[in-house]
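Nothing in this text is a laboratory measurement; each read-out follows from the coordinates by a stated rule. For clarity, every value in this text was computed on a predicted model and none was experimentally measured. Cβ coordinates were reconstructed from backbone atoms using ideal geometry, including for glycine residues, and neighbour counts include every protein chain displayed.
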């Protein structure tokens, strides 16, 4: 057996890993859950000229939606745009049938913002990135 590390994996090799875990999961989950397609979407805040001033990148699978990235331009911060983006994101996630949201934020980013919106810290990664803490948060959708 050879152990190989690569930063350029072949698409077909990655598919074998995906298919393998799906096969394993079938022992514990129904086929409609095992073979459910990931949902990828974004929410944008744009000015009247179509310039992106902020947004959210997200994906979801099973019953969780993952808020991967949230960014706001300097001129939109502390103006309510972030809350509007998260509200639109949560509404879309709920319409798609997701029950929970999870996300991460770093100590110099937006923990108080998320907590104000009802998110709860469920874990911490100290010194990630070095000198800071990453907080893992979740929220149940109603």
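If R0 is 30 Å, what FRET efficiency do you get for residue 33 and residue 71 from their C-beta distance, rounded to 0.05?
0.45
Can you work out the base-10 log of I(q)/I(0) for the chain at q = 0.16 1/Å, using the Debye formula on its C-alpha atoms alone?
Reported log10 I(q)/I(0), two decimals: -1.01.
Just report the Cα centroid separation between region 90-128 and region 55-88, whole Å.
Spelled out, the Cα-based centre of one part sits 10 Å from the other.
Most fluctuating residue of 61, 119, 24 in a GNM of the chain with Cα springs under 10 Å: which is it?
Checking each option, the largest mean-square fluctuation is seen for 24.
Quick one: grab Rg to one decimal and Dmax as a whole number for region 41-83, Cα atoms only, in Å.
Answer for region 41-83, Rg first and Dmax second: 11.8, 37 Å.
Obtain the nm distance between the two label points defined at residue 23 and residue 124 by a simple spin-label model: each point lies 7 Å from its Cα along the Cα-to-C-beta direction.
4.3
Expressed in nm to one decimal, what extension gain is obtained for the pair residue 61 and residue 78 from 0.36 nm per residue of sequence separation less their Cα-Cα distance? Each step should come with its number before you reach the end.
Values: separation 17, 0.36 × 17 = 6.12 nm, distance 3.10 nm.
Taking 0.36 nm per residue and subtracting the Cα distance, the gain is 3.0 nm.
With an 8 Å Cα cut-off and a minimum separation of 6 or more residues, compute the relative contact order for the chain in percent.
16
Looking at the chain as a GNM with Cα springs under 10 Å, which of 99, 25, 49 has the largest mean-square fluctuation?
Most flexible of the set in this elastic network: 49.
Under 10 Å, Cα contacts only: if you run a Gaussian network model on the chain, which one of 69, 29, 85 comes out with the highest mean-square fluctuation?
29
Would you mind computing Rg(Cα) / (2.2 N^0.38 Å) for region 60-134, counting N as its residues?
Compactness ratio reported: 1.17.
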